Amino acid sequence: MSDAPENPVSPEIPDAPVAHIPWSAAVARRLERHALAEPPADAPAEAPAEAATEGAAEAAARVAATLCGAHAQVLSAAELSLAMRLPGTAATRTDIQRALWTDRTLVKTYGPRGTVHLLPSRDLPLWTGALTAQQAASANGGAAATDYLDAGRTDEVVAAIGDALADTELTVDELTEAIVERTGAWAGERVMDAFQDKWPRWRSATAVAAHRGALCFGPNKGRRITYTNPHRWLPGFTPYEGDVALAELVRRYLHAYGPASPQHFARWTGAPRGWAAGLFRGLAERGEIQPVDLAGTPAWVVAGDTALPAEPPRGVRLLPYFDAYSVGCHPRDRVFPGRAAERALAGGQAGNFPVLLVDGTAAGVWHQRRSGRTIHLTVEPLASLTTAQRAGLDAQAQRLGALMEGTVRLTVGPVTVGPHA
């Protein structure tokens, strides 16, 4: 879906009071809520209050909930996205792996846009309810179907997946056998085009099964992915009713990424724009969200959520592939201004390059290559860094090394690696 600039149009709510939010204040607010803000110089050096009573696994789930998930197409990048936001400086990718596979406070599954995300396990009722409702809306209210399965056979496949994975992890080949055994040979027919290959028919329903709460990822077996049943993460959960789940998802999205428009929400979820506009209109009529003026552009926030940070946006951050801030924040032409749109976006799409963020704005790209315990980090700023910004970059490089449990060698210069596919 294109990320070209747009003129978002808010649903019409007569006589609604409008707060005016400057762009710099919106950026500072987003940085603060994404745990990316640099604390004021006179702030006490202490971890957030939540850190006093929670462990790393609980903290990772809390951060994932605030971000509305961490994009995990590249799992190592999702681990960095969450670990860099945990309280203190001792967190590593290993803490995120433990939260996912041992403590199970996180679950790897298909989230917004049908892409792989790390989500809090406790939020599975919300996400399954919201994504199933969105799926129905995208099908114009009809039952789910795919290009390779009608609605009835989709239901059969989802039921077979849930049963086969109830108490185990299976590779794709093992799951194919289990589904065919429960449904028939048609489910295993290799008819689905994928990566110069043909996949079994049932795989077109993978995201549907995840959205209905029948499937999530399990730990890899060697280099092979596995699937399992998310009820092993959160036993007995029931998806929220669709309207309730969607309303809560909009509130959480606006908390993290607002002020934002219905079109931004549609792009973030992969939903039809008209449907998103209607969803916002209904929430506005109930007084759950309110319109604001974002630097001259109509946008929305959760009702009453108009307080802004006192400090301007500041700080240097290294955001990995597909970081939530890069992918979810709009408008694109402000988050990726000027040369950043050419260098840090791929065909207008955010996330395909790791981003150097300066004062909340994309200001370069970076790449890392690991050799044993040494991490060769190259950062390409798009403009000269001030002395303070260079010091911030050095600190971020050291932080990256700690997160990855290695030693960083930093080079400031051109990044020659292309975008992630």
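For the range 65-74, give me each residue that is within 21 Å of His420 (Cβ to Cβ), modelled with pLDDT of 95 or more and of a type in the set (A, V, I, L, M). Leu67, Ala70, Ala72, listed by residue number.
Scanning the range 166-189 for residues that are free of Cβ contacts under 8 Å to residues at least 60 places away in the same chain and of a type in the set (S, T, N, Q) gives Thr171, Thr176, Thr183.
One line per residue, one yes/no per condition, for (1) under 19 Å from the mean Cα position of the chain (by Cα); (2) closer than 25 Å to Ala362 by Cβ; (3) not in a loop (DSSP other than H, G, I, E, B):
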residue	(1), (2), (3)
Phe265	yes, yes, yes
Gly304	no, no, no
Ala307	no, no, no
Arg314	no, yes, no
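Being exposed (fewer than 15 other Cβ atoms within 10 Å of the Cβ), under 25 Å from the mean Cα position of the chain (by Cα), within 19 Å of Gly258 (Cα to Cα) and modelled with pLDDT of 95 or more is a description that does not apply to Pro331.
Are there any helices (runs of 4 or more DSSP H) wholly within the range 125-228 with 1 or more residues that are surrounded by fewer than 21 Cβ atoms within 10 Å (Cβ to Cβ) and in contact with a His (Cβ under 7 Å, 6 or more places away or on another chain), and if so which?
Where helices (runs of 4 or more DSSP H) fall fully within the range 125-228, none carries at least 1 residues being surrounded by fewer than 21 Cβ atoms within 10 Å (Cβ to Cβ) and in contact with a His (Cβ under 7 Å, 6 or more places away or on another chain).
For the range 351-388, the set of residues classified as surrounded by fewer than 17 Cβ atoms within 10 Å (Cβ to Cβ), outside any strand (DSSP E or B) and either under 25 Å from the mean Cα position of the chain (by Cα) or not charged (D, E, K, R) (or both) consists of Gly372, Ala383, Ser384, Thr386, Thr387, Ala388, listed by residue number. Residues of the range 98-124 that are in a helix (DSSP H, G or I) and basic (Lys, Arg): Arg98, Arg113, Arg122. Is it fair to say Gly274 is free of Cβ contacts under 8 Å to residues at least 24 places away in the same chain and either surrounded by fewer than 24 Cβ atoms within 10 Å (Cβ to Cβ) or at positive phi (or both)? When the stated conditions are applied, Gly274 passes them.
Checked against (1) more than 30 Å from Pro331 (Cβ to Cβ); (2) touching a helix residue (DSSP H, G or I) at 6+ places or on another chain (Cβ under 8 Å); (3) not acidic (Asp, Glu), Thr171 passes all but a single condition, namely (2).
In the range 318-350, what residues are part of a helix (DSSP H, G or I) and among the hydroxyl-bearing types (Ser, Thr, Tyr)?
Matches in the range 318-350: Tyr325, Ser326.
Scanning the range 4-22 for residues that are among the hydrophobic types (A, V, I, L, M, F, W, C), touching a helix residue (DSSP H, G or I) at 6+ places or on another chain (Cβ under 9 Å) and either more than 14 Å from Trp300 (Cα to Cα) or at pLDDT below 95 (or both) gives Ala4, Val9, Ile13, Ala16.
The values are calculated or read from the model by the stated rules, or taken from the named source; none is laboratory data. Everything numeric in this text was worked out from a predicted model, so none of it was measured. Note: ideal-geometry Cβ built from the backbone for every residue, glycine included; neighbour counts use all protein chains shown.
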